[in-house]
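*Asks:* Before I ask anything, here is the structure I am working with.
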Amino acid sequence: MIKTEIIGNIGVLTLARPWVHNALNFQMFKELKYYLEKWREDQDVKVIVLTGEGESFCSGGDLEEFSQLSKEEIADCFKQIKDILLALHQYPKPTVAALNGTAVGGGCELASACDFRLAHPAVQLGFVQIRLGITTGWGGANYLFKLLSRQKALELLLSGERISSIEAYKLGLIDKIFPTEDFLRHVLAWCRRFACQPLDAILLYKQTAQQADDPRFTLSQKITLEVERCLKVWGGQLGGPSLSAVNASFFTKKQEKVVGRV
Ligand SMILES: CC[C@@H](C(=O)O)C(=O)SCCNC(=O)CCNC(=O)[C@H](O)C(C)(C)COP(=O)(O)OP(=O)(O)OC[C@H]1O[C@@H](n2cnc3c(N)ncnc32)[C@H](O)[C@@H]1OP(=O)(O)O
């Protein structure tokens, strides 16, 4: 129910239950967890893209399946799902939700847990939970509060209204709008700008990003750690190019330029 593909260092996870608009059942969460863990250490995967098959990105939790569970079973299920979304939010590599179509309920929670959200003009988004008499059950409101101002996030959550991707872009919830035609091709080209970079540097920037909003560190400590990270890659400690290799590449390019000018 989750299809996977690695395209040029980009791991693509496709929610594949289009007959129910990619409603997420528990089996899909298990698969999502499995692939996120598998790709965490995979040197060939530098960026993760989550998308959906068919006309929707995701219609949220599978209401059919969840309605058959007891209160205790739902509590256990949601606990496991919120851990998977948190792991996605704290993932060491960049994560991208490619909204190929409608995202509602838990579909918006999933997208909000990612680093980036890309969409096309026909996409609609809605934190519709309140219209069912419930609230976000997977941590999605907290991710939304990190992305939007308190009042904009509250407006979306309290109204349960669906908004267009263009409105969501203006709010800052969507990072980029691409044409509907060949949407995934545009997404992959956008992600390739990250995926073509050295993995060590990608991982270190993600660490710096995670730390940026961690209240346990002062700004001075965060900056010291940021500098230490740079020195690690500079010295080649992570298996990247060493100081001399960085210099060599700089001077080789410089020399080539000079030769080219003659
Ligand atoms: C439970 C977790 C909770 C959270 O913590 O966040 C949530 O996610 S709550 C929110 C749950 N989601 C919803 O309320 C959305 C429900 N779906 C829709 O609003 C619409 O289906 C749609 C996604 C906007 C598409 O509308 P439309 O194009 O008109 O299609 P249909 O409505 O006819 O749907 C076709 C088919 O799909 C089934 N379906 C859709 N969503 C779900 C779902 N979330 N769970 C289970 N099944 C779903 C729908 O019942 C239809 O089935 P059939 O009638 O058997 O064809």
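The values are calculated or read from the model by the stated rules, or taken from the named source; none is laboratory data. None of these values were measured; they are calculated from a predicted model. Every residue, glycine as well, gets a Cβ built from its backbone with ideal geometry; the counts of neighbours run over all protein chains shown. Keep in mind that these areas ignore ligands, DNA and RNA; they rest on the heavy atoms of the full protein, side chains included. Shrake-Rupley method; radii C 1.70, N 1.55, O 1.52, S 1.80 Å.
*Asks:* Looking at the P(r) of region 103-220, how many percent of alpha-carbon pairs lie beyond 19 Å? Could the numbers behind the result be given before it?
*Replies:* Working: 3738 of 6903 pairs.
Percentage above 19 Å: 54.
*Asks:* Tell me, what % of the accessible area of region 88-130 is carbon and sulfur with a 1.4 angstrom probe? Before the final figure, lay out the partial values.
*Replies:* Numbers: 480 of 780 Å².
Carbon-and-sulfur percentage of accessible area, whole number: 61.
*Asks:* With the dipole of the chain worked out from charges on the C-beta (+1 for Lys and Arg, -1 for Asp and Glu) around the Cα centre, which of A97, L231, F26 lies farthest toward the positive end?
*Replies:* Checking the options against the dipole of the chain, the answer is L231.
*Asks:* For a test of the definition: using alpha carbon positions, the gyration tensor, and the 1.5 limit on a/c, classify region 15-58 as rounded, prolate or oblate.
*Replies:* Working: a/c = 4.19, a/b = 1.80, b/c = 2.33.
Verdict is oblate for region 15-58.
*Asks:* Let me ask you something else. Please build a GNM for the chain, connecting alpha carbons under 10 Å apart, and tell me which residue among C191, C114, C230 fluctuates the most.
*Replies:* Of the options given, C230 has the highest mean-square fluctuation.
*Asks:* Can you pick out the pairs among K33/K71; K170/K206; K46/K79; K3/K38; K3/K30 whose Cα atoms lie more than 19 Å from each other? Before the final figure, lay out the partial values.
*Replies:* Working: K33/K71 23 Å; K170/K206 25 Å; K46/K79 28 Å; K3/K38 14 Å; K3/K30 13 Å.
With Cα atoms farther than 19 Å apart: K33/K71; K170/K206; K46/K79.
*Asks:* In region 31-79, carbon and sulfur make up what percent of the accessible area (probe 1.4 Å)? List each step's numbers first, then the result.
*Replies:* On the way: 1320 of 2830 Å².
On region 31-79, the fraction of accessible area on carbon and sulfur atoms equals 47 percent.
*Asks:* Expressed as a rounded percentage, what relative contact order does region 1-117 have, with Cα pairs under 8 Å and six or more residues apart? All intermediate terms of the calculation are to be shown ahead of the outcome.
*Replies:* Details: 209 pairs, mean separation 34.4, N = 117.
After rounding, I find 29 percent.
*Asks:* Pull out a ≥ b ≥ c, the square roots of the eigenvalues of the alpha-carbon gyration tensor of region 81-121, then state rounded if a/c is under 1.5, prolate if not and a/b is larger than b/c, and oblate in the remaining case.
*Replies:* Values: a/c = 3.66, a/b = 1.41, b/c = 2.58.
Verdict is oblate for region 81-121.
*Asks:* Consider just the alpha-carbon atoms of region 165-207 and return their Rg together with their Dmax, both in angstrom.
*Replies:* 13.4, 36
*Asks:* How much mean residue ellipticity at 222 nm does the chain get from its helices, if each DSSP H run of length 4 or more adds -39500 (n - 2.57) and you divide by all residues, to the nearest 500 deg cm²/dmol?
*Replies:* Numbers: 11 runs with 133 residues, N = 262.
Rounded to the nearest 500, the figure is -16000 deg cm²/dmol.
*Asks:* Quick one: divide the alpha-carbon radius of gyration of region 29-144 by 2.2 N^0.38 Å and tell me what you get. Write down the numbers at each step before the final one.
*Replies:* Details: Rg = 14.2 Å, N = 116, 2.2 N^0.38 = 13.4 Å.
That ratio works out to 1.06.
*Asks:* Output needed for the chain: three equivalent-ellipsoid semi-axes, defined as square roots of 5 times the C-alpha gyration tensor eigenvalues, in descending order, whole Å. Show your work: numbers first, answer last.
*Replies:* Numbers: eigenvalues 267, 87, 69 Å².
Values for the chain, descending: 37, 21, 19 Å.
*Asks:* How would you order 221-228, 155-162, 11-18 from highest to lowest mean count of nearby Cβ atoms within 10 Å? Working shown, then result.
*Replies:* Working: 221-228: 12.8, 155-162: 16.0, 11-18: 20.6.
Listed from highest to lowest mean packing, they are 11-18, 155-162, 221-228.
*Asks:* Determine the per residue accessible area of the chain with all protein chains present and a 1.4 angstrom probe, expressed in square angstrom. Show your work: numbers first, answer last.
*Replies:* Details: 14240 Å² over 262 residues.
For the chain, the per-residue accessible area is 54 Å².
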